[in-house]
Amino acid sequence: MKSKERFILALISLFLLAVAIALILTAIPLIPLDNIRTGLEMMYGNILFVVVGIVLFIISLTIFSGAFNKGKLDRYVSQGGSHGEIRISFSAVESLILRVSRGNRQIKEIKTKIATGQGGLTILLKVVVLPETNIPEMIGNLQEAIKEHIEEMIGITVSEVKVLVEKVSAKDS
């Protein structure tokens, strides 16, 4: 989730939180009615509004905590084996991808993302390459090596390996 989306989600959750607290405080008979407008008198002591306020409060806290939660879900690919289901986590697949890419001395840095689809896995890579690299040739070789290695080691079809060359490094340190 992008930071702009998290910010908007945080604002929405704060608004929901304020509404929830207002509903709860209005419905519980602890605040004198003299300070509350007559249009709100029907909520006073009404358990329905307390329940609605509590539900909104829980929803807003859930949204608010989700807005700042950057943790990855434990995602996996699944396939049937002769003795039952086999699950392979995305982090295990990422480790295999990094192992293949470490063998390529023209790559300075690599980041991976994995998505699943009907055709198999889609592997998304962001790489930083060293200067004097023949990018089309190196990327083609990398895509082929990753596709073959993942399919051989895991037995899952790799539908495509997409690569974004983020930058060409200024030095090979």
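Since every read-out is calculated from the coordinates, none of them should be taken as a lab result. These numbers were taken from a predicted model, which means no experiment stands behind them. FYI the Cβ positions are ideal-geometry reconstructions off the backbone, even for glycines, and counts take in every protein chain you see.
I'd like the antiparallel share, as a percent to the nearest 5, of DSSP beta bridges with both residues in the stretch 49-173. Given both bridge residues lie in the stretch 49-173, the antiparallel proportion sits at roughly 65 percent. The average projected area of the stretch 76-168, computed from the convex hull of its Cα atoms over all directions, is 5.8 nm². Per-residue extension of 0.36 nm, minus the Cα-Cα distance of Val50 and Glu94, leaves a gain of 11.1 nm for this segment.
Applying the criteria of a DSSP loop state and at most 12 other Cβ atoms within 10 Å to the trypsin sites (Lys or Arg not before Pro) of the stretch 125-173 yields Lys171. The length gained by stretching the chain between Arg102 and Ala22 to full extension, at 0.36 nm per residue less their Cα-Cα distance, is 23.2 nm. Spin-label pair His83-Leu164: with each label point 7 Å from Cα along the Cα-Cβ axis, the two points sit 4.2 nm from one another.
Using R0 = 30 Å, the C-beta based FRET efficiency linking Leu14 and Met42 works out to 0.65.
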